[in-house]
Amino acid sequence: MAWLDVPPEKLYLFEQVIVLLSCVLSFLGSLLIIFTHIRWPDLRSRPRQLLLFLSVADLLSAASYFYGVLRDFEATTWDCVAQGALSTFSNTSSFFWTVAVALYLYITIVQSQQSLAEHMVYWFHLISWGIPLVITVAAVCLNKIGYDASYVSVGWCWINIEAEDKLTWMLLTGKAWEILAYVILPVLYVQIKKHIGRAHRALSEYRPILAEAPVYQPRTIADKKLIFIPIIFIFLRIWSTIRFILTLWHPPVRHNTILLILHGIGNSFQGGANCIMFVLCTRVIRTRLLTSLNCCCKSTGPSDFRESSVSEGRTSAYGSVEDRKDLSRPLLST
């Protein structure tokens, strides 16, 4: 591959602005997930704890990508290596944590082995932090991290374009794990969806008996999230994979603005997408956030706020009775 014979990609200003905005939104989204986990202990569950660790990885990814796109490196420098190392570690860790969440849900829902799933959490930490760290340290020590001319990145540094075994290291530091996630995630979530579907059909047989009782339908919330988790992940990441494959077929492809922007947004917006799904689209958390914002805007005293919450039917900082019913539902619904 005569990559060095092709002029390096140079980002236009509007392309930088779009990708930088994506990084900022992802950073803020990851922060919001972390904030809600700390702010409301009664909403914590094991799946959300795993989501917390995924958000930490996504936050680091967004920060490192922001710096890389802002600098738009033109050579291998010390901060290029530092940025490339941080993005390699956090991005690879994000892949592992995404699969870990899916595997945990599969074990607890389909296999019904809660104790095994809890035991697996320790292995999730070891694998999701340990393997990316080992790979990143090895890449830095062997001088594999550096300037890549934006052939397979969007302004940030990754694998040094001058390395003879650059393809091997590109696979090892991200692409191999990314493609593996494309295979594992849909398989696990399809199995989970089928299991919920069978449970839903079994429950429907008893509805005539429980006609007057409120029956929770798992498809109303859980199914939607189960469908969108792999779809969002694949939709965001597929553009970087397409660009990577196109580059392998022949020397780096001609500058394609749309593909470049989709690559930049896809790699940096994972935290923002998770925030939309698990915070903004989760009613109990959304209600508490809006209540907190309303309280801050109106600068209402504690006693007045409690009285107005009761009289006007709004939720308090601790959630309404209906919110507490949401908390008693299966973990997937949150």
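The values are calculated or read from the model by the stated rules, or taken from the named source; none is laboratory data. Predicted, not measured: the structure shown is a model, and the values here were computed from it. With ideal geometry, Cβ positions are generated from the backbone for all residues, glycine too; neighbour counts draw on all protein chains shown. Surface accessibility is based on the protein's heavy atoms, side chains included, excluding ligands, DNA and RNA. Shrake-Rupley method; radii C 1.70, N 1.55, O 1.52, S 1.80 Å.
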Report, by residue number, each residue of the range 37-50 that is part of a helix (DSSP H, G or I) and open to solvent by 10 Å² or more (accessible area, probe 1.4 Å).
H37, I38, R39, P41, D42, L43, R46, P47, R48, Q49
The condition of being surrounded by fewer than 22 Cβ atoms within 10 Å (Cβ to Cβ) and of a type in the set (V, I, T) holds, among V19, V24, only for V24
Sole exception among (1) within 16 Å of K175 (Cβ to Cβ); (2) in contact with a strand residue (DSSP E or B) (Cβ under 8 Å, 6 or more places away or on another chain); (3) open to solvent by 30 Å² or more (accessible area, probe 1.4 Å) for E162, by number:
(1)
Number of the condition not met by I265 [criteria: (1) in contact with a Ser or Thr (Cβ under 6 Å, 6 or more places away or on another chain); (2) of a type in the set (V, I, T); (3) at pLDDT below 90]:
(3)
Only one of (1) crowded, with 23+ Cβ neighbours inside 10 Å; (2) touching a residue at least 60 places away in the same chain (Cβ under 8 Å) is not met by E74, so which one is it?
(1)
Condition set in contact with a helix residue (DSSP H, G or I) (Cβ under 7 Å, 6 or more places away or on another chain) and within 9 Å of P230 (Cβ to Cβ), scope the range 185-198, selection surrounded by the fewest Cβ atoms within 10 Å (Cβ to Cβ): answer is P186
Given A117, A100, which one is open to solvent by less than 10 Å² (accessible area, probe 1.4 Å), modelled with pLDDT under 95 and more than 28 Å from F66 (Cα to Cα)?
A117
Output the number of the condition that T92 fails; it satisfies all remaining conditions of (1) polar (S, T, N, Q); (2) farther than 23 Å from I238 by Cβ; (3) touching a residue at least 24 places away in the same chain (Cβ under 8 Å).
(2)
Name every residue in the range 27-36 that is open to solvent by less than 70 Å² (accessible area, probe 1.4 Å) and free of Cβ contacts under 8 Å to residues at least 60 places away in the same chain, in order of residue number.
I34
Only residues that are in contact (Cβ under 8 Å) with a residue 12 or more places away in the chain and loosely packed, with under 13 Cβ neighbours inside 10 Å: list them for the range 126-155, please.
N143
Restricting the search to the range 124-179, which residues are in a strand (DSSP E or B) and among the hydroxyl-bearing types (S, T, Y)?
none
